[in-house]
1. Quick one: pull the percentage of alpha-carbon pairs in the stretch A:23-125 with a separation above 20 Å.
2. Just how far, in whole angstrom, is the stretch B:384-423 from the stretch A:263-300 if you go by their alpha carbon centroids?
3. Work out from phi, with θ = phi - 60° and the Karplus expression 6.51 cos²θ - 1.76 cosθ + 1.60, the ³J(HN,Hα) of each residue of the stretch A:225-239, listed in order in whole Hz, and give x for Gly and Pro.
4. Working with all protein chains in place, sort B:MET118, A:MET187, A:MET170, A:MET49 by solvent-accessible area computed with a 1.4 Å probe, largest first.
5. Kindly state, as a whole number, the per residue volume in cubic angstrom of the convex hull around the alpha carbon atoms of the stretch B:210-347.
6. In chain B, what % of DSSP beta bridges are antiparallel (nearest 5)?
7. For the stretch B:422-430, just list the computed ³J(HN,Hα) in residue order, Karplus coefficients 6.51, -1.76 and 1.60, θ = phi - 60°, integers in Hz, with x standing in for Gly and Pro.
8. Let me check something: with ligands and nucleic acids excluded, how do B:TRP229, B:TRP375, B:TRP311 order by accessible area (1.4 Å probe), largest to smallest?
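The values are calculated or read from the model by the stated rules, or taken from the named source; none is laboratory data. Just so you know, these numbers come straight off a predicted model, no measurement behind them. Here the Cβ positions follow ideal geometry from the backbone for every residue, glycine too, while neighbour counts run over all protein chains shown. Keep in mind that these areas ignore ligands, DNA and RNA; they rest on the heavy atoms of the full protein, side chains included. Shrake-Rupley method; radii C 1.70, N 1.55, O 1.52, S 1.80 Å.
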Amino acid sequence: MKLTIERTALLRSLAHVQSVVERRNTIPILSNVLVEAKGDRLSLTATDMDLAIVEQTAASVVSPGAATVPAHTMYDIVRKLPDGAEVQMELATDGAQVALKAGRSRFTLATLPKEDFPATAASDLPHRFPLSAVDLRGLIDRTKFAISTEETRYYLNGIYLHAFSAGKQMALRAVATDGHRLARVEMPLPEGAENIPGVIVPRKMVNEIRKLIEEVDGMVEVSLSDSRIRFAFNDIVLTSKLIDGSFPDYQRVIPTGNDKILEVDRRSFRDAVDRVSTISSEKSRAVKLSLRPSVATLSATSAENGTAVEELEVKYDGAPLDIGFNSKYLLDVADQIDGDGLQLVLADSVAPTLVRDLADAMSLYVLMPMRV
Amino acid sequence: MNEASDGTTTAGFCRDCGGLLPVIAQEDRAKRCPDCRSPRVLYHPEIHDLQIGHIDCDAFYAAIEKRDDPSLRDKPLIIGGGHRGVVSTCCYIARMSGVRSAMPMFKARKLCPEATVMPPNMAKYRTVGLQVREMMQHLTPLVEPLSIDEAFLDLSGTTQLHRRSPAQSLADLAKRIEQEIGITVSIGLSYNKFLAKIASDLDKPRGFSVIGRHEARAFLAQKPVTLIWGIGKVGAEQLAKDGITMIGQLQEMEMPALAKRYGQMGLRLYYLARGEDERSVDIDAPTKSISAETTFDEDIADFAVLTHELWPLCEKVSARLKAAGLAGQVVHLKLKTAGFRTVSRQVSLPAPTCLAETLYRAGRQLLERESNGTWYRLIGIGTGNFHPLSDADPLDLADPEADRRRKLEAAMDAVRAKLGKDSILKGRSLARAKPTGSGNKDPGSKAPGSKAPDSKD
């Protein structure tokens, strides 16, 4: 294998694939990236056994071939090379080393047998539908914060993606919860997604795909089976195992009978919560909301720190109500809301509370109150 | 103060009438109290200077049963479970035949076939234990319970209050426990917890032993290292490898050498061997865990049968949590194999719980992983990392059924409070567990919440 490639192109692709490689690996080959030269393309593959990424980029291939080299080392080298450099890669004839040359710098990297590199499942996934990168960002951004990190309930460690039908309306829904808060976002069901199974996309996949589509504005092709999901766009294919478990019946915890409606300017609400929570104890982070007609009083007390009170002008005409929330959860939810208006729909001080974005009917959040 | 330190004079009092005895030369000690003629006179040069007491009830469970049924009084009595269980407590008559607590039941029966065997009545013992504790708390607020039937008491500064030295107060307490509750206790008195606890064990039953500063070091020198708190079988073996079996040997060693060799344990050895223990009597030493376990009549390997044994234990732990106003966030499962190897597994719950059902689900999940054909002789479940009951079992957005389970259990508890413990039971306490195979769990069974294995890819 011998090829030359522009440093910028190589660096961009390497940055993408090396991010999948875990810093600590018990299986040495998983620290490596598989480099394959063929035609006029260089293909880079990395995997952690659950998640695999393949990215292709243009290169001038002198002689085709493949090798595996340590991913983070190669990334660090290319990162430090001068801008605009041409990088030459060549596999030694005995296959034990890859030589990397750029200008006056020379590196040799130890390889591991490419045959040992785990094969990425090339199998065809039965369901396939297109999704715009904008929509995918929307689904992820508004649910990701609620993904649980609790290991015992592993089936909460991802986003539950499924097709939902209410009457004639079909929607693609993303749901995440950690038991304390829940986020549900939907969008019109893309064509081809009618019969997809409900799947739980693991957090690492969610994070990786989100990073990769940051600046993409085209379409992403989504493919699915019961056990795998794949995102393909531009020259990147990201495939991940799904979480094998059943997501809780979240519809049952979304309150329907709450009757007290509070509307408040999102920005001022968020900032007030942030200010008042400065006093909340590090452990509970509790903030109390006292609702009276047209006024909400936010307060926090802590034995060590003191007290904080702030009054907010709101739209509220329900019965007086005192309710406590974890301030971090309130901030997280407020941060998801794009519009100016935030709506809380409450029942009493112990029941789940609905949070809505007045400018976006497609997203909905549920928060559990806490005792204050 | 008396001239104790030169060892030539001593002070004392009568444990029965409480009368002070004059400070006299060691060799002139009276054998009986000059006032009431009781032989239970207690002399020690430092008797009125020591503040830390350890009270331990004598053969606690057995003593209570004998109190409640005088016909048992002069017979050997063993409290313990089934013939596969172990001895919880045995009375002193049974001990004469060689019966000891924690001894397997079959062995105890062999040693003392004429013994009366009773299953423990924990609720009753707990009530009595609390009565004793209340009496201790009248003496000093600084009471640190170690278990239901023993506690440390720090009596510093109570001499003025009770117009009696700590030693006299303790002796008086022991007398009143005998009169008012009807059981006996043994008392250890010293200047720290380590020695007080050792002392209470020296003169059981109905004893009162004193270890003073003056003789502590010499006293300890003659004792095996296993007397030191925290040195169990493993620690003793480690020390024995280095040729250390007696505390006296530790007293010869320097701190750096001990610390280098045994780390943290070495430091403790250094101080305790010299009779130094800085731990204070800590009233806030709260309950750290609540657990229940059972030993089977015959070893069990079957998952379904094991879970059947697990459920009543969960109910027991749950009842105690609810009674104590606690909710645990960590669930421990304990198993003992037929070969006496102990297996402990634990899991942290998303939120603290007091529910039998939640303990059971967590315990069953832990058990499933250990249920691989191994034969077990004991199962136990416990919980720790306590929170107040008000934080228990909050609504959980990820578990829509949780609230229904909580309400169901609350309803069952309400019925039980009214009609008795066994008035309402879950089906699983009745169903005869059906073995799922020849000692193996069903290989097809999966954890709840899992779906069909992937087949498409």
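1. Values: 2058 of 5253 pairs.
Every Cα pair in the stretch A:23-125 considered, those over 20 Å come to 39 percent.
2. Here the answer is 31 Å between Cα centres.
3. Per-residue couplings from phi come out as 10, 5, 10, 9, 10, 9, 10, 10, 7, 6, 10, 10, 10, 10, 10 Hz.
4. So, going from the largest accessible area down, we get A:MET49, A:MET170, B:MET118, A:MET187.
5. On the way: hull volume 26.9 nm³, N = 138.
Once divided by residue count, the hull of the stretch B:210-347 is 195 Å³.
6. 90
7. In residue order, the calculated couplings are 9, 5, 9, 9, 7, x, 5, 7, 9 Hz.
8. Ranked list, largest accessible area first: B:TRP375, B:TRP229, B:TRP311.
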